[in-house]
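Below is one structure, written out as structure tokens; comments come after it.
The values are calculated or read from the model by the stated rules, or taken from the named source; none is laboratory data. The structure presented is a predicted model; accordingly, all values stated were derived computationally and were not measured. Backbone-built Cβ (ideal geometry, glycine too); neighbour counts: all protein chains shown. Only protein heavy atoms, including side chains, enter the accessible area calculation; ligands, DNA and RNA are left aside. Shrake-Rupley method; radii C 1.70, N 1.55, O 1.52, S 1.80 Å.
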Amino acid sequence: QEQLVESGGGTVQTGGSLRLSCVVSGITFSNYPMVWFRQTPGKEREFVAAISLRPGSTSYADSTEGRFNVSRDNAKNTLYLQIHSLKPEDTGLYYCAAGIGLAIINPALQSAYKYWGQGTRVTVSS
């Protein structure tokens, strides 16, 4: 019943930009902290960015280097990730997830998120 659907991924050149979206249904979106993780084959799933119930309360992984912006539109039940100045190291499968209470304490903890999407793939060429 709960569904999170990511979109917006693709193949881009180094230095390009992408805007990822995650449309959420089956839950009351505004009640959940949200997060983006990414995964590359052979690596652990990596925290990217999180946003709390308040749109202005966000956190980012150091690896984003100020190039990422996470936002949410509760009226549209949608989470966004705007990425600028993409690097090959940003390549991966990007997942969105909806969190439980623990996500408020530790937004970067994978186990703090209950509902996950299937991911959208980002490929950055050199």
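Compute, for the chain, the length of the dipole vector about the Cα centre, with Cβ point charges of +1 (Lys, Arg) and -1 (Asp, Glu) only. Units Debye, rounded to 20. Don't jump to the answer; show the numbers that get you there.
Numbers: 11 positive and 9 negative charges, 34 e Å.
Charge dipole, the chain, about its Cα centre: 160 debye, nearest 20.
I want to check the label-to-label distance for SER25 and GLN13. Put each point 7 Å from Cα in the C-beta direction and report it in nm to one decimal.
In this crude label model, SER25 to GLN13 measures out at 3.7 nm.
Note the full-extension length gain between ALA108 and THR58 as 0.36 nm times their separation in residues minus their Cα-Cα distance, in nm to one decimal.
Residue separation times 0.36 nm, minus the Cα-Cα distance, leaves 16.9 nm.
Run a plain Debye calculation on the chain (Cα atoms as equal point scatterers, no solvent) and give log10 I(q)/I(0) at q = 0.09, 0.18 Å⁻¹, rounded to two decimals, same order as the q list.
These q points yield log10 I(q)/I(0) values of -0.21, -0.88.
What part of the accessible area of the chain, given as a whole %, is carbon or sulfur when the probe is 1.4 angstrom? Please list the in-between numbers first.
On the way: 3040 of 6400 Å².
On the chain, the fraction of accessible area on carbon and sulfur atoms equals 47 percent.
What does the accessible area per residue of region 31-126 come to in Å², with a 1.4 Å probe and no ligands, DNA or RNA counted?
Working: 4800 Å² over 96 residues.
I get 50 Å² per residue for region 31-126.
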